[in-house]
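The structure's right below; bear with me while I get my questions together.
The values are calculated or read from the model by the stated rules, or taken from the named source; none is laboratory data. Bear in mind that the values here come from a model prediction, so they are computed numbers and not experimental data. Counting neighbours? That spans all protein chains shown, and the Cβs are built from the backbone with ideal geometry, glycine included.
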Amino acid sequence: MFHWLEKNPFFFAVMVFVVIAFAGLIEILPNFAEASRPVVGLKPYTVLELAGKEVYKKDACIACHSQMIRPFKAETDRYGQYSLSGEYAYDRPFLWGSKRTGPDLHRIGNYRTTDWHENHMWEPTDVVPGSIMPAYKHQFTNLADLETAYAEAVTVKNVFATPYGDEFQGTRAAWEAHKPKVLADAAKIAADMKNKDVKEAVAAGNIPEVVALIAYLNRLK
Amino acid sequence: MQSNAALEYDYSVAKLFTYATILFGFLGMLIGTLIAAQLAFPELNYLLGEYGTFSRLRPVHTNTVIFGFTVGGAFATFYYVGQRVLKVSMAESKFLMIIGKMHFWIWFIGALFATVTLLMGYSQSKEYAQYEWPADIVIVILWVLWGVSIFGLIGIRREKALYISMWYYIATFLGIAMLYIFNNMSIPTYFASGGLGNVMHSVSMYSGTNDALVQWWYGHNAVAFGFTVPIVAMIYYFLPKESGQAIYSYKLSLLSFWGLMFVYLWAGSHHLLYSPVPDWMQTMGSVFSIVLILPSWGSAINMLLTMKGEWNQLTENPLIKFMVLASTFYMLSTLEGPIQAIKSVNAIAHFTDWIPGHVHDGVLGWVVFMIMAALFHMAPRMFKREIYSKKLLEAQFWLQTTAVVLYFTSMWIAGITQGMMWRAVDEYGNLMYSFIDTVTVLHPYYAIRALSGVLYLTGFIMFAYNMIKTMTSGRELSEEPQFRSPMA
């Protein structure tokens, strides 16, 4: 059979494809519906949090931080309750990470504050002496992309039936109507911060990346 | 079989890919060395403003060495090996020539474009699948072009039976196509929201645990079909060609090929041990990882036994040295991986530096060594010149071998140290170390790794220099060498 296959490239390719596709069908498909079910009480990310998640992705925090607590005592003592599948139901993409050059962040909202994050993102070694994390000062001046975050919320609502309210519509008018809510969320974060430039920007309706990022990190519980 | 003399192979596409592979190799390893140094000396994070932090550069490093260097090496060798094992010249078909050149330029420009988008922060944040959807579409196009090249050449072949290397190239093509498309399924938000926001942004079709499963099915098998399958294709061609020895066993190559194809795809879930992914999948991942030793070692042993009775070549020919050491590192890496996939070992190893350590003994020792050896073997045939310097080749070999050993030993120690410290408890059951203790303790190992990066990069520059000198000022050859590559 093998000699025959080696002379018939078409059937050879078909055979290879069947053999490599097999595992995916058996291993990945069966779990699909079940794994995406949210835990009770899970809320979708707010637009500000989504914008913060974009900052997390943009600066690739995932390169050094995980968001997945394993069921070991050493991990639950350090980070809190181990992670459940349903907690990630609205995470597109999943951000479990594969490397802990820094600590896990899945429940960082439980034990770090806005103030702590502000100091830490500005100069990590001021807060954690010996830290090798770079400072992310540019997040204090770069503006978060709120409109794209809103577009993402509308997209997942329309395509995946993620439970956002009826006011989430794919029109500019709907976005303009929702925007004050986002700015109010940002103002709450900024109220706990001390950086003058950030406060001024937020008051003027421009949201620096760090504000959105902190909103996202505070949400991780 | 026709005689080789009758055919004049056309290497114009292979040459283009060769130049670009060397360029991307240099860039990828330069960034790799920089980010390794950043972990030891964090001040180095501020060389390029927001574009120079470890986190922004790490995906640039991985994607450049994967989609630039390694995939480029696979293409370069394919446009060389394909013609020769199928006994057909690219020059015989104007159509295939145009496809080949388009393939090169779309890949090259696409890779540069994708790198810029990553630096700007456009990222899906899925490992080795960071490129946003416009770059994904470019990748699909160039992949289809490669498929046209492969099956086009096969269509006009004179040698009816496909040589083993062709099996592996076909598998690379199919495997990456399947994995890449499914893992990158995403919806551009601009189009799904009536034109709001940034046009580059997209949202994954899968969420949470599903996304994790698809991603690591992809992530692990991108290693399979990027770092293993095309490299095996190379060694099956270049080792016999360089040594003048026939492949030791056809049956072993059959077993290894079909075994690898079947088993590899199951193993991805070993990246998700102790995660919320169902237990049975984790167990499947572990079990198949162990089984994977068989086809992996099958290929490697087949290569080593091909040298049976001719081991003297190891001392005489540096290219044989590179290839034999590559097979050996392949064996090391494919034993180490399964060990890490055992659940109780993984509990310590996961999230630590042992993982990048494992990846790099595979890629530095196996992938890069094999690609460099292949390009060195091709150079005298493509440019009709002798390899510029044997001495430089020898020096490069030892320098880079030392670098690989420093890399994986330091990362083994770092990883196990950190894994043990994370779980250490005192007599009352309290955690003994705060997280930062487990970071500062790693400084010496990070410094050693940075040093190893510098050594390896230096070796790669020696390789690039030797290649460029070969192309421009190597002694001209009157006829094509049959086996051993001539070198001054």
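Does A:His138 fit the bill of being closer than 24 Å to B:Leu39 by Cβ, within 12 Å of chain B (Cβ to nearest Cβ), assigned to a helix (DSSP H, G or I) and not aliphatic (A, V, I, L, M)?
yes
Any residue in segment B:111-118 that is over 30 Å from B:Gly197 (Cβ atoms) and assigned by TED's automatic domain parsing to the domain that holds B:Asn183? Steps first, please.
First, pick out the residues of segment B:111-118 that are over 30 Å from B:Gly197 (Cβ atoms): none.
Within segment B:111-118 (the criterion being over 30 Å from B:Gly197 (Cβ atoms) and assigned by TED's automatic domain parsing to the domain that holds B:Asn183), the answer is no, since none of the residues qualifies.
For residues that are surrounded by fewer than 22 Cβ atoms within 10 Å (Cβ to Cβ) and in a helix (DSSP H, G or I), scanning just segment B:34-47, find the one that is nearest to the other protein chains (Cβ to nearest Cβ).
Step one: list which residues in segment B:34-47 are surrounded by fewer than 22 Cβ atoms within 10 Å (Cβ to Cβ), which gives B:34, B:37, B:40-44, B:46-47.
Filter once more, so that each one left must be in a helix (DSSP H, G or I): B:34, B:37, B:40, B:42-44, B:46.
Values: B:Leu34: 13, B:Ala37: 11, B:Ala40: 8, B:Pro42: 5, B:Glu43: 9, B:Leu44: 9, B:Tyr46: 7 Å.
It comes out as B:Pro42.
Can you confirm whether B:Asp437 is surrounded by fewer than 17 Cβ atoms within 10 Å (Cβ to Cβ), touching a helix residue (DSSP H, G or I) at 6+ places or on another chain (Cβ under 8 Å) and free of Cβ contacts under 8 Å to residues at least 24 places away in the same chain? Even if it seems obvious, please write down each step before you answer.
Numbers: surrounded by fewer than 17 Cβ atoms within 10 Å (Cβ to Cβ): yes; touching a helix residue (DSSP H, G or I) at 6+ places or on another chain (Cβ under 8 Å): yes; free of Cβ contacts under 8 Å to residues at least 24 places away in the same chain: yes.
Yes: the conditions hold for B:Asp437.
Of everything in segment B:163-183 that's farther than 15 Å from B:Trp143 by Cα and at pLDDT 95 or above, which residue is farthest from the other protein chains (Cβ to nearest Cβ)? Spell out the reasoning first.
Within segment B:163-183, the first condition is being farther than 15 Å from B:Trp143 by Cα, and the residues that meet it are B:163-168, B:183.
From what's left, at pLDDT 95 or above: B:163-168.
Working: B:Tyr163: 9, B:Ile164: 9, B:Ser165: 12, B:Met166: 8, B:Trp167: 7, B:Tyr168: 10 Å.
Among those residues, the one meeting the criterion is B:Ser165.
Tally up the residues in segment B:421-446 that are at the interface with chain A (Cβ under 9 Å from one of its Cβ atoms) and more than 22 Å from A:His65 (Cβ to Cβ), please.
Residues meeting the conditions: 3.
Right, here's the next one. For segment B:146-162, check the following and say yes or no: at least one residue is among the β-branched types (Val, Ile, Thr), touching a helix residue (DSSP H, G or I) at 6+ places or on another chain (Cβ under 9 Å), within 11 Å of chain A (Cβ to nearest Cβ) and assigned to a helix (DSSP H, G or I).
Quick first cut of segment B:146-162, residues among the β-branched types (Val, Ile, Thr) only: B:148, B:150, B:154, B:156.
With the extra rule that they be touching a helix residue (DSSP H, G or I) at 6+ places or on another chain (Cβ under 9 Å), the set shrinks to B:148, B:150, B:154, B:156.
Now restrict to residues that are within 11 Å of chain A (Cβ to nearest Cβ): B:150, B:154.
In the following step, the residues that additionally are assigned to a helix (DSSP H, G or I) were identified as B:150, B:154.
The answer is yes; a qualifying residue exists.
A further question follows. Within segment A:197-221, can you find the residues that are surrounded by fewer than 18 Cβ atoms within 10 Å (Cβ to Cβ) and either touching a Phe, Trp or Tyr at 6+ places or on another chain (Cβ under 6 Å) or part of a helix (DSSP H, G or I) (or both)?
Residues satisfying the conditions are A:Asp197, A:Lys199, A:Glu200, A:Ala203, A:Arg219.
Mind checking whether some residue in segment A:188-196 is at pLDDT 95 or above, buried (at least 18 other Cβ atoms within 10 Å of the Cβ) and in a helix (DSSP H, G or I)?
Yes, segment A:188-196 has at least one match.
Scan segment B:398-410 and tell me whether some residue there is within 13 Å of chain A (Cβ to nearest Cβ) and either part of a helix (DSSP H, G or I) or at pLDDT below 95 (or both). Can you show your working first?
Going through segment B:398-410, the residues within 13 Å of chain A (Cβ to nearest Cβ) turn out to be none.
So far as segment B:398-410 goes, no, none of its residues is within 13 Å of chain A (Cβ to nearest Cβ) and either part of a helix (DSSP H, G or I) or at pLDDT below 95 (or both).
Among A:Thr148, A:Thr113, which is the only one that is touching a residue at least 40 places away in the same chain (Cβ under 8 Å), surrounded by fewer than 17 Cβ atoms within 10 Å (Cβ to Cβ), hydroxyl-bearing (Ser, Thr, Tyr) and in the same structural domain as A:Pro208 (by TED's automatic domain parsing)? Steps first, please.
Numbers: A:Thr148 fails: surrounded by fewer than 17 Cβ atoms within 10 Å (Cβ to Cβ).
Going through A:Thr148, A:Thr113 in turn, the sole match is A:Thr113.
When you go through B:Ser202, B:Ser186 one by one, which is the residue that is within 16 Å of B:Ile137 (Cβ to Cβ), surrounded by fewer than 22 Cβ atoms within 10 Å (Cβ to Cβ) and at the interface with chain A (Cβ under 9 Å from one of its Cβ atoms)?
Details: B:Ser202 fails: surrounded by fewer than 22 Cβ atoms within 10 Å (Cβ to Cβ).
Every option except B:Ser186 fails the conditions.
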